[in-house]
Amino acid sequence: MAGEYIRSILATGGAGFIGSNFVRHVAAGDYERVVVLDKLTYAGNTANLAGVLDDPHVTFVQGDICDSELVFDLTQDVDAIVNFAAETHVDRSLLNAGEFIQTDVYGVYVLLEAVRRNALRRFVHVSTDEVYGHVPEGKSRENDPLDPRNPYSASKAGGELMIRSYCTSHGVPAIITRGSNTYGPYQYPEKVLPISITNVLQGQPIHIYGDGQQVRDWLHVQDHVEGIEFVLRHGLVGEAYNIGGGNERRNVEIARSVLRELDAPDDLLHFVTDRQGHDRRYALDTAKISELGWSPRVGLDDGLRETVRWYRENQQWWGPIRESEDYQQYFAQNYGGREVLKVGQW
Ligand code: NAD
Ligand code: DAU
């Protein structure tokens, strides 16, 4: 099993939301070395790595996965790459897709070249359920066709296709994970849960796109990172694995849970102009990873309660982000022009 061979990891994008939770998780394990490579874009933050940056097994390097020399050097003596680095927010991809193509497609190619030239043992690429596109009924299985429908998911699918080609042509030992909507501590307050929680904590409304009937499958970040590490150790090369939480909910239900946890009134629910090309539903069949021996452990009610508590107690983390110029500009650009269609119950 690969687990016996993987002693050192390069975690790219390890200062972002899922990456930093992964680094914290593996730093507590028995790996000899974890190197974090992160460009520190607006979404990257060394504060996410509080408590692990001074761990002697962990090294942080600021840099770009598109920098082939740097990536080549950093991979000369690691066993595996786990790639979290990406532009990740659908709404930003609708405003400007260029960086998504650069990092999520070209950046993956640079990593693949380094894996090939330095003969790494594993490349685990963290992808998304969004590559399957809208799923009106049933659940997506790993061999289903990819049908991405927004610039973010198209760039993630592009990265996946590049990986497939390197597995076939060059025998690169890559594995892809496709995770569902992830939530928990250290998520940048632009994704629906952290922006909704922090809006309400500041007395502002939750903006629900369209009718709020869109369905997502919610996965706690601790489950997601454990699933990724499980795939690193036990997954089969050349395969893709769905990682889902088994918690399908409509967006409006998620928003109501936030209001309930914060004891806030229904009139903070604002239904606004929908997202362009908004996928109505994602749903994952997770039989493949569960047959291999992994399943999620965190229940959605407990996970949401803890997450709301974390944001309530960690305003020193999200307050400066929300005050930053980049955030204010993005907030105005994304929400400023939206019409309020309905306030309160739909
Ligand atoms: P995030 O936006 O919080 O973090 C992304 C990190 O990548 C940041 O630290 C950023 O600085 C870094 N980065 C961006 N471009 C880079 C570059 N060119 N070079 C080096 N570092 C760069 O994202 P996240 O939510 O933690 O997502 C991590 C991965 O998981 C992504 O690949 C995403 O597609 C995937 N994913 C996310 C979710 C989710 O719900 N958040 C679900 C499934 C899959
Ligand atoms: O499904 C996995 C994907 O989940 C990841 O690959 C992405 O990186 C991650 O950003 C996330 O994408 P979504 O677009 O599903 O997440 P987001 O939090 O942006 O939106 C979740 C749902 O909530 C979606 O249906 C859009 C809606 N939404 C979002 C925001 C930000 C709102 O109704 N209002 C909002 O303000």
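Looking at the structure I just gave you, is residue 71 crowded, with 22+ Cβ neighbours inside 10 Å, under 26 Å from residue 152 (Cβ atoms) and aliphatic (A, V, I, L, M)?
Working: crowded, with 22+ Cβ neighbours inside 10 Å: yes; under 26 Å from residue 152 (Cβ atoms): yes; aliphatic (A, V, I, L, M): yes.
Criteria met by residue 71.
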Within 13 Å of ligand 2 (Cβ to nearest atom) and farther than 25 Å from residue 126 by Cβ - does that describe any residue in region 225-244? no
Hey, can you tell me all the residues within region 247-263 that are surrounded by 18 or more Cβ atoms within 10 Å (Cβ to Cβ) and part of a loop (DSSP other than H, G, I, E, B)? 247
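Do you know which residues across region 264-296 are closer than 19 Å to residue 218 by Cα and part of a loop (DSSP other than H, G, I, E, B)? Give the steps one after another, and end with the answer.
Going residue by residue through region 264-296, those that are closer than 19 Å to residue 218 by Cα are 278-290, 294-296.
The answer is 278, 279, 280, 282, 283, 285, 286, 294, 295, 296.
Can you name every one of the strands (runs of 3 or more DSSP E) wholly within region 108-223 that holds 3 or more residues which are within 15 Å of ligand 1 (Cβ to nearest atom)?
On the way: elements: 122-128, 174-179, 181-183, 206-209, 215-220.
Of the strands (runs of 3 or more DSSP E) lying wholly inside region 108-223, those with at least 3 residues that are within 15 Å of ligand 1 (Cβ to nearest atom) span 122-128, 174-179, 181-183, 215-220.
Any read-out appearing in this document is the output of simple, stated calculations on the displayed coordinates, not a laboratory observation. As the structure is a prediction and not an experimental result, all values here were calculated from the model. Because the Cβ atoms are built from the backbone with ideal geometry, glycine has one as well, and the counts that use them run over all protein chains shown.
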